[in-house]
Every structure is written in structure tokens, then in C-alpha cells.
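To keep things clear, I will list the structure first and then write my remarks on it.
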Amino acid sequence: MAASSIKRSEQEACQNSCPTLLAGSMRHHIILSLYQLLSYPYRMGMDLRRLRSFVTVAQLGSLTRAARHLHIEQPPLSRQIASLEKEIGFDLFTRARTGMNLTEFGSVLSRQASRIIAEFDEMENIIEKSKREHKYRLNIGISDGLHSLDQFIKSVMAIRSLESRVIVDLKHDCNENVIAMLKSGSIDIAVIWGEVEDDSLINKIIFTGRLFAVTPESGLIRKKIYRSVYDIDGEYLLIPSKSRNKYFNDMMVNLFPPESTRNINTNYDIDLLSLAPMVAAGAGCGLVPNLLTSTNIRGVSYVEVRGDEAVCVASLVTRREIPSPLVRNFLSSFSQKNAGV
């Protein structure tokens, strides 16, 4: 007796003697077989193709119609089905003049394979959609106060005019959080105060501006200018906390070391945007970049501070990697010239 006839006889005997057990063991065997088929990435494309061919034959019930539907010749399709049966170890079809009929094992495999193919198709659609969205999405993190920077606004407008499909996703946060987002990969570009000392990042200074004193408003004659940061009126100097803006915190600590006569108030966890409201509440005085002097806070005055030390910078920061065309276009839109001094 031929080996194929013996295998079919064993299958029929098993089906007749224990159909319930067969159903359970069949599912287990199918799952194991599919796992073996798809367990190696380099084989995945080939075996998905064989599963698609098998499902198509099962749905159309004919090798001829399935080959026409798949736009291939009938002999290669027949060999695909035969190789699948050989690898799994069960007959999937009974061949007859009327066409290809699924065996019990083939029916179960057809349902499982259809589900797997549908899930792979859905996954491919999700991946393709994500690729399209990523291609036209630019994620930018902006530190407090820098959203009003003219160069930044013009660059966003320029990138949108070049490609209408571009989506610019802006994330506003304090300086240190924006830097953390860039390092984690959740944003493509960071616009921050100061520069970041990190070999994995690239800094480009895009703004240089003067510091302005923020003092409580009074009925006295307002000062028009301070000659240096050391002439600012006020007993306590408020500074941004290190956890929110390390650049300005370090700057103020260097300007006013512990041995100086100026009292630095470090009791508040504040950033640049909350400094003026704190001054208005009577907590002290402070220093902010000129970009933040346009904020409408009642009860405070902004006075320009002269002196070489009363200068701050802002940078555009990216990761040290080959940038996408979208990031590259955005970077090129910034002028190398400093503004605001």
C-alpha cells in the first residue's frame, strides 16, 4: 500500500474513532503548524503567500479559478498547495472532478489562516498609515516664552507653504521637559533657552536677546534702564528652579554667588512664565528675556538691563542623526544671524 494511502487511512480511522478528541488535537496541531510556518522572518513572505493561495483555492473550490484570481499559472499553485500539505502533514483537500473540497482539517485551517491573513493585512495598513503620517508630521517642543519668536513662527509658516500635507505638532513645556522629550524621541526638534551639553545632540543658536528686570510696579518714577544686573532694585531675586530651567538657574547662580549681597529666593518651584506673576504677588524681583516682556501682567514693570552679562540665548536642538527631509527643511529655514540684541 502506498504511503499516501496509509496516511489517509490513519486520518480516517482517527476521525471515526474519536471526533471530539480530533477537533481539539486538530486545533492544537494547526496552531503549532502555523507557528512553525511563520516563526522565521525570512520565511514569512513565502508562507503568507502559500496561506493566501490555500485560502483562495478553498474559497473558489478550483485550482483553475484560483490561479486565474491570483494571476499565476496553475502548476505553481498546485505545487504550493502540495508543499503546504507536506509540511503540515495532513491532506487539506480531496480532489474530484467537481473541484477541490476541503477536508475536515482543511476547513479548520482555512478559518485560522483567513484570520491570520486578515490580521496581517490590518497590520500592514496600520504600518503604511503610520509611515505616511510620520513622513508629513513634524513634532516640535518649545520652551516657555519661545513660541513668540519671529523666526520660529516664520519657519513654521514656510514649512507649511512648501507642503500643505505637513502637520506641525507643537508641545509647550518648561526647558528641561522639552530637552527630555527630544532625548526620548517623542519630538524631532527642541526650541530651548541656552544650549545642551550632550554629545548626542546638536545645538544651533537662533536667538540672542537682552535681559529685562521684572520689578513690582509702584507710584514712583519708573526707571528706564539699569546699567547692570547688580543695580536692580528689590531685596529678593526670584530665579527659575533647576528642574525647570537649568540654563537660567545656572546663569543667576553664577551672577549672584552665595557670597554676594543679593538674596536669591529659591523657595519657589517656578519657570520663566510664572516669574512675573510671582513678582506681582510681592515675592521679589527677577530677570526675564525680552521676549517675555510682552506678557500682560498687572502690577509689574519691565526695565531693560545693560551690560555684557545681561544677555541670554535660545537654541534649536536636534538629535545627532541623519535628519528627515522635513526636519532638514525646517532647520534650513532659520537664519544664521542672531536677533534681538
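Where a number appears in this text, it was derived from the coordinates with a stated rule and is not lab data. Please read all numbers here as calculations on a predicted model, not as lab measurements. Note: ideal-geometry Cβ built from the backbone for every residue, glycine included; neighbour counts use all protein chains shown.
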Return the long-range amide H neighbours of S243 (sequence gap of 5 or more, or a different chain), with a cut-off of under 5 Å between placed amide H atoms. none
Here, E235 and S107, labelled 7 Å along Cα→Cβ, have an inter-label distance in nm of 9.1 nm
Please go through segment 232-328 and write out the GluC sites (Glu not before Pro) that DSSP classes as loop and that have at most 13 other C-beta atoms within 10 Å. E235, E259, E309, E321
Mind jotting down the distance between the C-alpha centroids of segment 231-259 and segment 61-109, whole Å? 78 Å
HN-Hα J in Hz across segment 144-160 - Karplus 6.51, -1.76, 1.60, θ = phi - 60°, x for Gly and Pro: 3, x, 8, 5, 8, 5, 4, 4, 5, 4, 5, 5, 5, 5, 5, 5, 6
DSSP-loop chymotrypsin sites (Phe, Trp or Tyr not before Pro) across segment 246-298, with at most 15 other Cβ within 10 angstrom: Y268
Residues listed by number, segment 68-83, amide nitrogen under 12 Å from S62 label point at 7 Å toward C-beta: 68-69
Along segment 188-205, what does the Karplus equation 6.51 cos²θ - 1.76 cosθ + 1.60 (θ = phi - 60°) give for ³J(HN,Hα), rounded to whole Hz, x for Gly and Pro? 8, 9, 10, 10, 10, 7, x, 10, 10, 8, 8, 5, 7, 10, 10, 9, 9, 5
Apply 1/(1 + (r/R0)^6) to the Cβ-Cβ distance of L170 and R49, taking R0 = 35 Å, and write down the FRET efficiency to the nearest 0.05. 0.20
Once you put a point 7 Å from the Cα of A158 and another 7 Å from the Cα of D199, both along the Cβ direction, what distance in nm separates them? 3.2 nm
If packing is taken as the mean number of other Cβ atoms within 10 Å per residue, what is the order of 188-199, 106-117, highest first? 188-199, 106-117
Describe numerically, in nm with one decimal, the distance between label points set 7 Å from Cα along Cα→Cβ at K183 and at S324. 2.3 nm
Please give the contour-minus-distance gain from S228 to D150: 0.36 nm per residue of separation, less the Cα-Cα distance, rounded to one decimal in nm. 25.4 nm
For N125 and A281 in one chain, what is 0.36 nm times their gap in residues minus the Cα-Cα distance, to one decimal in nm? 50.7 nm
